[in-house]
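**Student:** Quick one: this structure, given as structure tokens, is what I'll be asking you about.
The values are calculated or read from the model by the stated rules, or taken from the named source; none is laboratory data. Note that the coordinates shown come from a computational prediction; the quantities given were computed from them, not determined experimentally. Every residue, glycine among them, receives a Cβ derived from its backbone with ideal geometry; neighbour counts consider all protein chains shown.
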Amino acid sequence: MARDYLVIRQRARTETVVKRSRFIATASPVKDEAEAQQFVDEIRREFWDATHNVYAFTVGDNDEIVRSSDDGEPSGTAGRPVLEVILKEGIKHCAVVVTRYFGGTLLGAGGLVRAYGAAAREALHAAGIARVVPAHEVSFVVDYPAVGKVQSYLASRGYSVLGVDYLETATIRVLVPAPELERFHADLTDMLLGRYWPMVGEETRALVDPEKGGSSLP
């Protein structure tokens, strides 16, 4: 299993104006190089009349594939700054297109680097950043009187509930990040007064909020 890494949760778009030039930045999670290129082509079609559609993307848990394009801007002033923002933020499996509508005022090389980099950073943060971590599916049985208490605990901690089977007792399946397993078991053991016998599945992956914790499916 690969080490922890950051991703963006969803597609997002932001817009800024620098000396009358409009910079429209669109960020999207991507699974592979083909999906990244499809995303770039989609944005290019949407903004077909723009002065430039600059892009950068990285694919792979360890940035195995990285691409960038200045799309007609002076070499090194557009695509590379966007890519450097993605890499510096540590975000994986991500593509960003920064669309520029020229406003009539030249920004110079330094101005372009700053404008494209800032636009990319805003879009990435607007998309929401999450951490991908090793995780396990934990399944356990709960007597009905304790179901509400357990569900409140899971919700308060942000854990992803994969399913609940209601038979003579309730069987709850939860996605738990590997670093939190020990605490999770301890909390449930206390909550259920020792009547906690979990079944832990093989290692998979989960998304966690870098600040709040919890878990969700990637």
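Residue-wise test of (1) hydroxyl-bearing (Ser, Thr, Tyr); (2) over 15 Å from the mean Cα position of the chain (by Cα).
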{"position": "Ala12", "(1), (2)": "no, no"}
{"position": "Ser21", "(1), (2)": "yes, yes"}
{"position": "Phe57", "(1), (2)": "no, no"}
{"position": "Gly60", "(1), (2)": "no, no"}
{"position": "Ile65", "(1), (2)": "no, yes"}
{"position": "Ser69", "(1), (2)": "yes, yes"}
{"position": "Lys92", "(1), (2)": "no, no"}
{"position": "Phe102", "(1), (2)": "no, yes"}
{"position": "Ala115", "(1), (2)": "no, yes"}
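**Student:** Inspect all residues belonging to the range 201-208 and state whether any of them is over 29 Å from Glu89 (Cβ atoms) and not in a helix (DSSP H, G or I).
**Tutor:** yes
**Student:** Determine, yes or no, whether Val98 is under 25 Å from Phe47 (Cβ atoms), of a type in the set (Val, Ile, Thr) and either part of a loop (DSSP other than H, G, I, E, B) or in contact (Cβ under 8 Å) with a residue 12 or more places away in the chain (or both).
**Tutor:** yes
**Student:** If a residue has to be at pLDDT below 95 and either over 21 Å from Tyr5 (Cα atoms) or outside the structural domain of Val85 (by TED's automatic domain parsing) (or both) to count, how many in the range 23-71 make the cut?
**Tutor:** Adding up the residues that qualify gives 0.
**Student:** Next up: Within the range 34-90, restricting attention to residues that are in contact (Cβ under 8 Å) with a residue 60 or more places away in the chain and of a type outside the set (D, E, K, R), which residue is surrounded by the fewest Cβ atoms within 10 Å (Cβ to Cβ)?
**Tutor:** Restricting to residues being in contact (Cβ under 8 Å) with a residue 60 or more places away in the chain and of a type outside the set (D, E, K, R), the top hit is Asn62.
**Student:** Just to be sure I understand, how many residues within the range 126-155 are under 18 Å from Leu207 (Cβ atoms) and not in a strand (DSSP E or B)? So that I can check it myself, show each step before the final result.
**Tutor:** Here is the first cut: in the range 126-155, the ones under 18 Å from Leu207 (Cβ atoms) are 126-138, 154-155.
Next, only the ones that are not in a strand (DSSP E or B) stay: 126-128, 154-155.
Qualifying residue count for the region: 5.
**Student:** Let me ask something else. Condition test on Asp70, is it in contact with a helix residue (DSSP H, G or I) (Cβ under 7 Å, 6 or more places away or on another chain), among the charged types (D, E, K, R) and farther than 15 Å from Ile24 by Cβ?
**Tutor:** Here the answer is yes, as Asp70 does meet what is asked.
**Student:** What are the residue pairs meeting all of these: first residue in the range 147-162, first residue in the same structural domain as Glu137 (by TED's automatic domain parsing) and in contact (Cβ under 8 Å) with a residue 12 or more places away in the chain, second residue in a helix (DSSP H, G or I) and among the small types (Gly, Ala, Ser), Cβ atoms under 6 Å, and 6 or more apart or on different chains?
**Tutor:** Once the first residue is in the same structural domain as Glu137 (by TED's automatic domain parsing) and in contact (Cβ under 8 Å) with a residue 12 or more places away in the chain and sits in the range 147-162, no partner that is in a helix (DSSP H, G or I) and among the small types (Gly, Ala, Ser) comes close enough.
**Student:** Hey, among Gly103, Gly110, which residue is more than 30 Å from Glu182 (Cα to Cα), assigned to a helix (DSSP H, G or I) and of a type outside the set (D, E, K, R)?
**Tutor:** Values: Gly103 fails: assigned to a helix (DSSP H, G or I).
Exactly one of Gly103, Gly110 is more than 30 Å from Glu182 (Cα to Cα), assigned to a helix (DSSP H, G or I) and of a type outside the set (D, E, K, R), namely Gly110.
**Student:** In addition: From Arg20, Arg3, Arg9, grab the single residue that is at pLDDT below 95 and over 28 Å from Val133 (Cα atoms).
**Tutor:** When all the criteria are applied, what remains is Arg20.
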